[in-house]
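The values are calculated or read from the model by the stated rules, or taken from the named source; none is laboratory data. As the structure is a prediction and not an experimental result, all values here were calculated from the model. Neighbour counts are summed over all protein chains in view; Cβ atoms, including those assigned to glycine, are modelled from backbone coordinates with ideal geometry.
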Amino acid sequence: NAGVMQNPRHLVRRRGQEARLRCSPMKGHSHVYWYRQLPEEGLKFMVYLQKENIIDESGMPKERFSAEFPKEGPSILRIQQVVRGDSAAYFCASSPGLTSGSPYEQYFGPGTRLTVT
Amino acid sequence: AQTVTQSQPEMSVQEAETVTLSCTYDTSESDYYLFWYKQPPSRQMILVIRQEAYKQQNATENRFSVNFQKAAKSFSLKISDSQLGDAAMYFCAYRSAISVNYKLSFGAGTTVTVRA
């Protein structure tokens with residue numbers, strides 16, 4: 001059973017460009033979380049999604065950031081018009097639904113390191 | 001909102017010795033989960049151990065054990081017989097068991113160095 005997949009692992013963007021980060025949850029997992037880790041800091045929650053629904057986006061910056069988890073395909077975190085302050089590691093985690101497995105455990109992907117030049 | 005505090009930015013331990021990492025949290029909820037995650041230089045987040053707040057017994061996973069003090073809102077991690085591979089950043093995390101939102105709240109982390 002493959003783990004949580006994230007791609008790309010490293011992404012370099014110039015200021016003003018768009019960044020698209022992808023996350024494929026573990027098989028059978030229907031919950032996806034995105035976290036951001038700034039240098040020398042802990043992970044900060046950004047957004048929680050279930051298939052085709054955003055459940056909680058309270059950690060997302062109000063502008064330029066958006067996330068989706070379509071019925072088919074990976075979850076996407078999109079950052080428009082990137083700025084230097086967006087440079088960070090972005091982690092995706094997934095968990096199963098309430099009726100299966102250990103719903104309280106989140107399994108993390110390897111992260112995408114975004115560098116804005 | 002829940003706050004997780006790790007007051008030790010760095011800890012150093014001799015190989016084969018024991019080190020204890022501290023974590024405190026602030027919550028008004030009675031039911032929740034607590035976790036310790038390890039982040040080695042590869043940056044992969046690895047779950048080390050978890051504790052359910054309703055359980056009195058402290059969790060143990062091989063050389064890793066916790067001291068969970070619910071009244072004090074304290075959740076420390078003890079690493080026994082430290083190995084070079086234990087060198088990493090360790091994060092304490094909180095998750096509500098009541099809310100339908102399962103987001104994790106993390107502390108700032110403690111960097112553990114293991115001396116050979």
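Looking at the structure I just gave you, is B:SER28 within 14 Å of B:PHE106 (Cα to Cα), without any contact (Cβ under 8 Å) to a residue 24 or more places away in the chain and in a loop (DSSP other than H, G, I, E, B)?
For B:SER28, the condition - within 14 Å of B:PHE106 (Cα to Cα), without any contact (Cβ under 8 Å) to a residue 24 or more places away in the chain and in a loop (DSSP other than H, G, I, E, B) - is not met.
For the list (1) assigned to a loop (DSSP other than H, G, I, E, B); (2) surrounded by 15 or more Cβ atoms within 10 Å (Cβ to Cβ); (3) free of Cβ contacts under 8 Å to residues at least 60 places away in the same chain; (4) touching an Asp or Glu at 6+ places or on another chain (Cβ under 9 Å), I need the number of the one condition that B:ILE49 fails.
(1)
If I go through region B:93-116 residue by residue, how many of them are within 12 Å of chain A (Cβ to nearest Cβ), under 16 Å from A:GLU40 (Cβ atoms) and surrounded by 21 or more Cβ atoms within 10 Å (Cβ to Cβ)?
Summing the residues that are within 12 Å of chain A (Cβ to nearest Cβ), under 16 Å from A:GLU40 (Cβ atoms) and surrounded by 21 or more Cβ atoms within 10 Å (Cβ to Cβ) in region B:93-116 gives 4.
Here's the yes/no breakdown for (1) part of a strand (DSSP E or B); (2) within 9 Å of chain A (Cβ to nearest Cβ); (3) touching a strand residue (DSSP E or B) at 6+ places or on another chain (Cβ under 7 Å):
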| site | (1), (2), (3) |
| --- | --- |
| B:LYS38 | yes, no, yes |
| B:SER42 | no, yes, no |
| B:TYR54 | no, no, no |
| B:ALA72 | no, no, no |
| B:LEU77 | yes, no, yes |
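With the checklist (1) at pLDDT 95 or above; (2) away from chain A (no Cβ under 13 Å) in hand, flag the one item B:TYR90 doesn't pass.
Checking B:TYR90 against (1) at pLDDT 95 or above; (2) away from chain A (no Cβ under 13 Å), the one that fails is (2).
If I go through region A:40-69 residue by residue, how many of them are part of a strand (DSSP E or B) and within 14 Å of chain B (Cβ to nearest Cβ)?
13
One residue is enough: does region B:59-67 have a residue meeting the conditions part of a loop (DSSP other than H, G, I, E, B), surrounded by fewer than 15 Cβ atoms within 10 Å (Cβ to Cβ) and of a type in the set (Gly, Ala, Ser)? Show your work before the answer.
Applying the first criterion (part of a loop (DSSP other than H, G, I, E, B)) to region B:59-67 yields B:59, B:62-63.
Those left that are additionally surrounded by fewer than 15 Cβ atoms within 10 Å (Cβ to Cβ): B:62-63.
Right, trim to of a type in the set (Gly, Ala, Ser) and you get none.
For region B:59-67, residues part of a loop (DSSP other than H, G, I, E, B), surrounded by fewer than 15 Cβ atoms within 10 Å (Cβ to Cβ) and of a type in the set (Gly, Ala, Ser): absent.
Please work out if B:ALA71 is under 12 Å from the mean Cα position of the chain (by Cα), farther than 24 Å from B:PRO9 by Cβ and free of Cβ contacts under 8 Å to residues at least 12 places away in the same chain.
no
Going by what's in this entry, would B:MET11 be described as free of Cβ contacts under 8 Å to residues at least 60 places away in the same chain and touching a strand residue (DSSP E or B) at 6+ places or on another chain (Cβ under 6 Å)? Even if it seems obvious, please write down each step before you answer.
Numbers: free of Cβ contacts under 8 Å to residues at least 60 places away in the same chain: no; touching a strand residue (DSSP E or B) at 6+ places or on another chain (Cβ under 6 Å): yes.
So B:MET11 fails the test.
Here is a yes/no grid of residues against (1) acidic (Asp, Glu); (2) over 21 Å from B:ALA93 (Cβ atoms); (3) surrounded by fewer than 14 Cβ atoms within 10 Å (Cβ to Cβ); (4) touching a residue at least 40 places away in the same chain (Cβ under 8 Å):
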| site | (1), (2), (3), (4) |
| --- | --- |
| A:PRO25 | no, no, no, yes |
| A:LEU49 | no, no, no, no |
| A:GLU52 | yes, yes, yes, no |
| A:GLU63 | yes, yes, yes, no |
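Just give me the residues in region B:9-36 being within 14 Å of chain A (Cβ to nearest Cβ) and aliphatic (A, V, I, L, M), in sequence order.
Passing the criteria: B:LEU21, B:LEU34.
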